[in-house]
Amino acid sequence: MAKQPSSYSILCASFNQDASYFAIGTRLGFKLFEANTGRLCYQKDIGAFSVVEMRFCSSLLAIVGAGEQPALSPRRLCLFNTTTGTALQELNFLTSVLVVRLNKLRLIVILQDKIFIYEIDSLAILSTIDTVPNPKGLCAFSYSLDGCFLAVPASITRGSVLVYNVMELHSHCEIDAHHSPLAAMVLSSNGAYLATASEQGTIIRVHMISDGIKSYSVRRGAYPSTIFSLSFGPSVQLPDVLVATSSSGSLHVFMLESAINQRSGRSSSFLSSVMPVSIGDVLDPAHHHVLHNAVPEGVKSYAVIRKVDKTAESSVMVSVRATISIIAYNGYFWEYSLSINHQNQTSWSLEREFNLLTAIPDIASGS
């Protein structure tokens, strides 16, 4: 099945595994940017792309055409070398490639009702998984080799999730996350926690992957809204921060660690030892921070928390500064800084804003 044409200027957007670079696909080609500076470091104008995925900071890309040009079939995955500007390998499928995920050892290809797992160097097929119809390619992937999981919808009528162990190649668990079908999900970088949102978009839930239980709920708002993206903070120990963007145009930040430590009455570096598991345990609104009109209302957006800095004011008080980058599919990039002092007072500042479509590449970049 071919993907439907998008009305957005950007057809796809992704950050690499450590959020040091990001990529966009447009109707003209694809671009790679350095996240810290916003520098356009590579550009290839050869047609429309619906998938552009980086492998850490290497020269390897996984790219899939959007089908708007005959040579760029949505059923063909190309592994591309940005140093040489040439294709290394190509994989062809019977239906459109919706999503590609990769780490140092695995290549994951998601079709509408099937998943292929490859050994990335040899491209040997390790596993094939039949799934429920998943026309949007909804998934979550943790790139850590020690906790490498893939999460995909397990039902088309309810918000249940199948979690698959990508390294050991077996089903890990199934999580009944929501009553309504899923709209967004994300795994923490270490594969320990999964955040999910349903099509209602009012409640976001955090689940412990080890035993498949719901650990925490956070309320985005009282009225339904489409959740466009979810992202955990970069901490490798615990999901201390969770960010969400939605069709309302607001940016939501949930300080999970602060709430957990306050409720437990003590600090801990292991979330599992203090995280409440009561089905009615919803995050205190004091730990939910909202920036309204961060993105134009209704415009699809993708946000990541690139950096979280914490300063201890005392043994129990901590101030936090979070750096959040947003790619809007209308072609713009915004980077916001959220500061929270030890009295839980917040301030927002816009650090950077630029047009991704008109960015000028370095002389050394591709063309």
Notebook entry, point to check: Where residues in the range 275-292 are within 22 Å of the chain's Cα centre (by Cα) and closer than 15 Å to Gln343 by Cα, which of them is modelled with the lowest pLDDT?
Noted result: His287
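Say we look at the range 170-211 and pick out the residues that are β-branched (Val, Ile, Thr) and touching a residue at least 24 places away in the same chain (Cβ under 8 Å); which of these is surrounded by the fewest Cβ atoms within 10 Å (Cβ to Cβ)? Before the answer, list the steps.
Residues of the range 170-211 β-branched (Val, Ile, Thr): 175, 186, 196, 202-204, 206, 209.
Then drop every residue that is not touching a residue at least 24 places away in the same chain (Cβ under 8 Å), which leaves 175, 186, 196, 203-204, 206, 209.
Working: Ile175: 24, Val186: 26, Thr196: 26, Ile203: 18, Ile204: 26, Val206: 25, Ile209: 23.
Checked the range 170-211; the qualifying residue surrounded by the fewest Cβ atoms within 10 Å (Cβ to Cβ) is Ile203.
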Notebook entry, point to check: Under the condition of being loosely packed, with under 14 Cβ neighbours inside 10 Å and assigned to a loop (DSSP other than H, G, I, E, B), which residue from the range 315-356 is nearest to the chain's Cα centre (by Cα)?
Noted result: Gln345
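Tell me the residue from Leu145, Leu126, Leu138 that is farther than 19 Å from Glu174 by Cα and either loosely packed, with under 14 Cβ neighbours inside 10 Å or within 22 Å of the chain's Cα centre (by Cα) (or both), please.
Details: Leu126 fails: either loosely packed, with under 14 Cβ neighbours inside 10 Å or within 22 Å of the chain's Cα centre (by Cα) (or both); Leu138 fails: farther than 19 Å from Glu174 by Cα.
It is Leu145.
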Check: Restricting attention to the range 102-123, which residues are surrounded by fewer than 17 Cβ atoms within 10 Å (Cβ to Cβ), free of Cβ contacts under 8 Å to residues at least 60 places away in the same chain, at negative phi and not in a strand (DSSP E or B)?
Finding: Lys104, Asp113, Asp121, Ser122
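Return yes or no: is Ser155 of a type in the set (S, T, N, Q), at pLDDT 95 or above and part of a loop (DSSP other than H, G, I, E, B)? Even if it seems obvious, please write down each step before you answer.
Working: of a type in the set (S, T, N, Q): yes; at pLDDT 95 or above: yes; part of a loop (DSSP other than H, G, I, E, B): yes.
So Ser155 passes the test.
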Next item on the list: Could you pull out the residue among Leu32, Leu40 that is closer than 25 Å to Ile324 by Cβ, modelled with pLDDT of 95 or more and surrounded by fewer than 20 Cβ atoms within 10 Å (Cβ to Cβ)?
Entry: Leu40
Notebook entry, point to check: So Asp18 fits all but one of (1) at pLDDT 95 or above; (2) within 26 Å of Cys139 (Cβ to Cβ); what number is the exception?
Noted result: (1)
Notebook entry, point to check: Could we say that Val218 is closer than 19 Å to Phe149 by Cα and among the β-branched types (Val, Ile, Thr) here?
Noted result: no
Next item on the list: Kindly provide the set of residues from the range 194-233 that are among the polar types (S, T, N, Q), in a loop (DSSP other than H, G, I, E, B) and farther than 19 Å from Tyr302 by Cβ, ordered by number.
Entry: Gln200, Thr202, Ser210
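Could you please let me know if Thr82 is touching a residue at least 40 places away in the same chain (Cβ under 8 Å) and either within 30 Å of Ile360 (Cα to Cα) or touching a helix residue (DSSP H, G or I) at 6+ places or on another chain (Cβ under 9 Å) (or both)?
Numbers: touching a residue at least 40 places away in the same chain (Cβ under 8 Å): yes; either within 30 Å of Ile360 (Cα to Cα) or touching a helix residue (DSSP H, G or I) at 6+ places or on another chain (Cβ under 9 Å) (or both): yes.
Taking the combined requirement at face value, the residue satisfies it.
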Margin query: Residue pairs, Cβ under 9 Å, 6 or more apart or interchain, first in the range 339-367 and within 17 Å of Pro285 (Cα to Cα) and modelled with pLDDT under 95, second of a type in the set (S, T, N, Q) and assigned to a loop (DSSP other than H, G, I, E, B). List them.
Written below: His342/Ser314
Margin query: Any residue that is more than 18 Å from the chain's Cα centre (by Cα) and either buried (at least 21 other Cβ atoms within 10 Å of the Cβ) or closer than 20 Å to Leu357 by Cα (or both) - is there at least one of those in the range 83-95?
Written below: no
Check: Gln17 passes all but one of (1) more than 17 Å from Tyr302 (Cα to Cα); (2) of a type outside the set (D, E, K, R); (3) not in a strand (DSSP E or B); which number fails?
Finding: (1)
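If you check Leu126, Leu88, which single one turns out to be of a type in the set (A, V, I, L, M, F, W, C), modelled with pLDDT of 95 or more, over 23 Å from Cys12 (Cβ atoms) and not in a loop (DSSP other than H, G, I, E, B)? I'd like the intermediate steps shown before the answer.
Values: Leu88 fails: over 23 Å from Cys12 (Cβ atoms).
None of the others qualify; the one that does is Leu126.
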Notebook entry, point to check: Of the residues that sit in the range 212-230 and are among the hydrophobic types (A, V, I, L, M, F, W, C) and in contact (Cβ under 8 Å) with a residue 24 or more places away in the chain, which one is surrounded by the fewest Cβ atoms within 10 Å (Cβ to Cβ)?
Noted result: Ile213
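The values are calculated or read from the model by the stated rules, or taken from the named source; none is laboratory data. Here the structure is a predicted model, which means the values were calculated and not measured. All Cβ positions, even for glycine, are placed from backbone atoms using ideal geometry, and neighbour counts span all protein chains on display.
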